[in-house]
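*Asks:* One structure coming up, written as structure tokens, with questions to follow.
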Amino acid sequence: MASIVGGFCVPHDPAITAFPEVANKRQAANIMAGFARVARRVAELEAVSRLSTALRSAESLDDMVARLMDETLAMMNTTHGGLWLYQPSTGKLKRVAARGNPEQDFPAALDSNECIIGKSFSDGTPRAAREFASDADIDPHNPTVQPGWGGVCLPIHTAQETIGILLIGVN
């Protein structure tokens, strides 16, 4: 059985009714957790709205990709990332956007099973590395991999297939 207290449903629990200060602390913690969930959801919806607005205002596919990259990195609170799309005609992933490092530091094209990006694409699953420089899927002789940098590769899926990879880098 439960009671309505201050608009909240409070179960009758002997441990709670015997110690009202515990009930108040639990109630306060539940209220704060609810506020945190609402605040997180509002932030997510604002991010979706910003992204949607940015994409709708794009005047070309290149502009759309650039805005997608900028908004996504802003949402993730980082300035480093890249976007590769699969080119069926070549069988390669082509870099269509890069941020953070000089663009020449990001591979322009990758085989669909090359390094962490290609492997994430080929198996369609996200891959994360605490530090790219020590990850088994990264070429240790690649001069573009900076010590201390890690991140995640996220496959971009349609209903039928994986079409690309979004890389988010963090230091």
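*Asks:* If you count only protein heavy atoms with a 1.4 Å probe, what accessible area per residue comes out for the stretch 35-171, rounded to a whole Å²?
*Replies:* It amounts to 61 Å² per residue over the stretch 35-171.
*Asks:* A further question follows. If the cut-off is 26 Å between C-alpha atoms, which lysines fall inside it for residue 119, apart from same-chain ones fewer than 8 positions away?
*Replies:* List returned: 92, 94.
*Asks:* Right, here's the next one. For the pair residue 28 and residue 94, what calculated FRET efficiency results from E = 1/(1 + (r/R0)^6), where r is the Cβ-Cβ distance and R0 = 41 Å, to the nearest 0.05?
*Replies:* Efficiency, from the Cβ-Cβ distance: 0.15.
*Asks:* Keeping every protein chain in place, order 153, 115 by accessible area at 1.4 Å, biggest value first, i.e. largest first.
*Replies:* The residues order as 115, 153, largest area first.
*Asks:* Could you work out how much longer the chain between residue 74 and residue 35 gets when fully extended? Use 0.36 nm per residue separation minus the Cα distance between them, nm to one decimal.
*Replies:* Using 0.36 nm per residue and subtracting the Cα-Cα distance, I get 11.7 nm.
*Asks:* I've got another one for you. How many nm separate the modelled label positions at residue 109 and residue 46, each set 7 Å beyond the Cα in the direction of the Cβ?
*Replies:* Label-label distance for residue 109 and residue 46, simple model: 4.3 nm.
*Asks:* Also, I was wondering about something else. By accessible area of protein heavy atoms, probe 1.4 Å, what ranking do 76, 69 get, highest first?
*Replies:* Greatest to least solvent exposure: 76, 69.
*Asks:* Let me ask you something else. For the stretch 45-91, what % of the accessible area comes from carbon and sulfur atoms, probe 1.4 Å?
*Replies:* Accessible surface attributable to carbon and sulfur in the stretch 45-91 totals 57 percent.
*Asks:* So, one more: Taking 0.36 nm per residue of separation and subtracting the Cα-Cα distance, what length does fully extending residue 123 through residue 59 add?
*Replies:* This chain segment gains 19.7 nm when fully extended.
The values are calculated or read from the model by the stated rules, or taken from the named source; none is laboratory data. Because the structure is a prediction, the values reported are computed rather than measured. Glycine also receives a Cβ, built like all others from the backbone with ideal geometry; neighbour counts cover every protein chain displayed. Protein only, heavy atoms only, side chains kept; ligands, DNA and RNA dropped before computing areas. Shrake-Rupley method; radii C 1.70, N 1.55, O 1.52, S 1.80 Å.
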